[in-house]
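Below: one structure, written as structure tokens.
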Amino acid sequence: MLIGIDDTDSPQGMCTTYLGAVLARRLIREHMRVREARLVRLNPNVTWKTRGNAAVMLDVGGDPDHSFTIACDLVEELADFSCENTNPGVVVVDRRLDPAFYRKAVTDFCTIEEAVAILDAAGARYRGWKNRRGLIGATAAVASELLDTTSEILVYRQPERFGTPREVDRQSLFDAEAATFPHTWDTVDTANDVVVCVPHTPDPVLFGIRGTSPRWVMAARQMIESEPPGIEQIWVTNQGTDAHLLSGKAGHLSEHLSYVVPGTVTRAPETKTGGHVSFTMSDGDQSVRCMAYEPTKNFRQIVRQLLPGDRVVAAGSFKKGSINLEKIKIESLTKAETIRPPLCAVCNKRMTSDGKGKGYKCKKCGARAEAPAVEESLRSLIPGWYEVPPTARRHLAKPLCRGIPDF
Ligand code: ATP
């Protein structure tokens, strides 16, 4: 059977993955077999999410009625019902559901009614608390079909330490990244000297290591020194797979969906208040704004070098009329030209402008010229893919260390 759970946490505490990890242990204690623990991230632009829009699925061998009862009891025991935005859902199905619902949940928006109709048609056991919104994520989790997967080991805290400052040795995190990158990623952000894998919220997670396989995340995990940990769970995930990206076209993008969009830069990048960088690109007669926000740090240096005429492919979520860049491909660069007063043909000295549209004059010999000198200047940008740094990376975004995107 497949057990799906979602929406059990609040900004004040808890985490659906922790509840899933505890559930796996309770089922094993009841002599059931847990074949897979899966963590799916869904549409990152859902505004009612607590943090990363995660839902979990356990693939279990055992009695479905018994496990449904255990799962519901655990939700009642651990979920943070005090928060208005916590609306848990638990689903138990005998077979995987149509993956179309998962695909919609990761790329688009679903309704509670859609989830319930699918569950009823499949004869699923399910329960939703409060407004029952968690049934969307729980249904998507048991419908998930992952064409590409990564691993994450989540190391949780001992319950008595929840809400207290975390103790994780900083240097051991940098050492683990150095020893296992590119097979693991986003443990730390080396360029910005920031730890990425230790949360700052009062949830049960101590740290999480992402990587290509259980072996690699475990290899990195074993290098990390910290306070005495509680339980640990290796999850199969859709993180770092770009599962949220749709193929899009400027002028035909829907708000709060995520796209890969080709275009030609039409308006040069500008840095706005707060350090946010924006430029406009177009595809035919339709144009769209692209944003590299301040938290994307050094990525903005790349974006700032773009010039009108450069051909790019932008990837990111479309929000408030802009593509919020997660990564960008520079396909081809236009020639950069500098327009300067010409050199005097007699003296070889730079002429001076006589005013707009009035031509140029040599100060030394008085020679005149009408046209300026148009000189080609070097572009330091190199075509290829560029991405935001680990501190700014979204859970679903595929890091370039996993390979060059094929879109
Ligand atoms: P948690 O650890 O509790 O899962 P979270 O940050 O992952 O925290 P949730 O608290 O689960 O976020 O909130 C997300 C809510 O949005 C859930 O109720 C989920 O069912 C719902 N949801 C997820 N994806 C979609 C979608 N594509 N359309 C509509 N609702 C969605």
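Does the stretch 16-30 include one or more residues that are on the phi < 0 side of the Ramachandran plot, surrounded by 15 or more Cβ atoms within 10 Å (Cβ to Cβ), at pLDDT 95 or above and of a type in the set (S, T, N, Q)? Yes, that holds for at least one residue. Condition first: over 27 Å from Leu245 (Cβ atoms), away from the ligand (no atom under 12 Å from the Cβ) and surrounded by fewer than 19 Cβ atoms within 10 Å (Cβ to Cβ). Now tell me which residues in the stretch 82-115 satisfy that. If the condition is that a residue be over 27 Å from Leu245 (Cβ atoms), away from the ligand (no atom under 12 Å from the Cβ) and surrounded by fewer than 19 Cβ atoms within 10 Å (Cβ to Cβ), then Ser82, Asp94, Arg95 are the ones that fit.
Among residues that are more than 9 Å from the ligand (Cβ to nearest atom), out of contact with any Ser or Thr (no Cβ under 7 Å at 6 or more places or on another chain), within 30 Å of Ala397 (Cα to Cα) and basic (Lys, Arg), Arg29 is not included. Of all residues in the stretch 293-313, none that is outside the structural domain of Glu387 (by TED's automatic domain parsing) has its Cβ atom under 9 Å from the Cβ atom of a residue that is of a type outside the set (A, V, I, L, M) and not in a strand (DSSP E or B), 6 or more apart or on another chain.
Being away from the ligand (no atom under 16 Å from the Cβ), at negative phi and either surrounded by fewer than 23 Cβ atoms within 10 Å (Cβ to Cβ) or part of a helix (DSSP H, G or I) (or both) is a property that does not hold for Ala141. Does Ala369 fit the bill of being touching a Pro at 6+ places or on another chain (Cβ under 7 Å) and over 14 Å from Gln305 (Cα atoms)? For Ala369, the condition - touching a Pro at 6+ places or on another chain (Cβ under 7 Å) and over 14 Å from Gln305 (Cα atoms) - is met. Being in contact (Cβ under 8 Å) with a residue 24 or more places away in the chain and within 24 Å of the chain's Cα centre (by Cα), is that true of even one residue in the stretch 111-127? Yes, some residue in the stretch 111-127 is in contact (Cβ under 8 Å) with a residue 24 or more places away in the chain and within 24 Å of the chain's Cα centre (by Cα).
The residues of the stretch 314-334 that are of a type in the set (A, V, I, L, M, F, W, C) and in contact (Cβ under 8 Å) with a residue 60 or more places away in the chain, listed by number, are Ala315, Phe318, Ile323, Leu325.
In the stretch 258-269, the count of residues that are touching an Asp or Glu at 6+ places or on another chain (Cβ under 8 Å), in a loop (DSSP other than H, G, I, E, B) and touching a residue at least 60 places away in the same chain (Cβ under 8 Å) is zero. Can you report the number of residues in the stretch 290-331 which are under 20 Å from Phe407 (Cα atoms), basic (Lys, Arg) and surrounded by fewer than 21 Cβ atoms within 10 Å (Cβ to Cβ)? Residues flagged as under 20 Å from Phe407 (Cα atoms), basic (Lys, Arg) and surrounded by fewer than 21 Cβ atoms within 10 Å (Cβ to Cβ) within the stretch 290-331 amount to 2. Whenever a residue of the stretch 35-50 is under 14 Å from Leu23 (Cβ atoms) and in the same structural domain as His200 (by TED's automatic domain parsing), it has no partner that is part of a loop (DSSP other than H, G, I, E, B) and more than 8 Å from the ligand (Cβ to nearest atom) lying with C-beta atoms less than 8 angstrom away and at least six residues away or across chains. Restricting to the stretch 54-79, name every residue that is in a loop (DSSP other than H, G, I, E, B) and either surrounded by fewer than 19 Cβ atoms within 10 Å (Cβ to Cβ) or without any contact (Cβ under 8 Å) to a residue 12 or more places away in the chain (or both). The answer is Gly62, Asp63. Of the residues in the stretch 158-173, at least one is modelled with pLDDT of 95 or more and under 25 Å from Ser67 (Cα atoms). Counting only residues that are more than 8 Å from the ligand (Cβ to nearest atom), of a type in the set (Gly, Ala, Ser) and touching a Ser or Thr at 6+ places or on another chain (Cβ under 7 Å), the stretch 4-19 holds 1 of them.
Taken together, the residues in the stretch 156-186 that are outside any helix (DSSP H, G or I) and either of a type in the set (Asp, Glu) or buried (at least 21 other Cβ atoms within 10 Å of the Cβ) (or both) amount to 7.
Which of the residues spanning the stretch 187-220 are in a loop (DSSP other than H, G, I, E, B) and crowded, with 23+ Cβ neighbours inside 10 Å? Thr187, Cys197, Asp203, Pro204, listed by residue number. Being within 14 Å of the ligand (Cβ to nearest atom), in contact with a strand residue (DSSP E or B) (Cβ under 6 Å, 6 or more places away or on another chain) and at pLDDT 95 or above is true of Val56.
For Arg51, the stated conditions do not hold, so it cannot be described as surrounded by fewer than 20 Cβ atoms within 10 Å (Cβ to Cβ), more than 9 Å from the ligand (Cβ to nearest atom) and more than 25 Å from Gly123 (Cα to Cα).
Can you name every residue in the stretch 1-53 that is small (Gly, Ala, Ser) and assigned to a strand (DSSP E or B)? Explain how you work it out, then say what you get.
Just the residues of the stretch 1-53 that are small (Gly, Ala, Ser), to begin with: 4, 10, 13, 20-21, 24, 37, 52.
Once the filter is applied, which keeps residues that are small (Gly, Ala, Ser) and assigned to a strand (DSSP E or B), the stretch 1-53 yields Gly4, Ser10, Gly13, Ala37.
The values are calculated or read from the model by the stated rules, or taken from the named source; none is laboratory data. Note that this is a predicted model, so its numbers are computed, not measured. Using ideal geometry, Cβ is built from the backbone for each residue, glycine included, and neighbour counts are taken over all protein chains shown.
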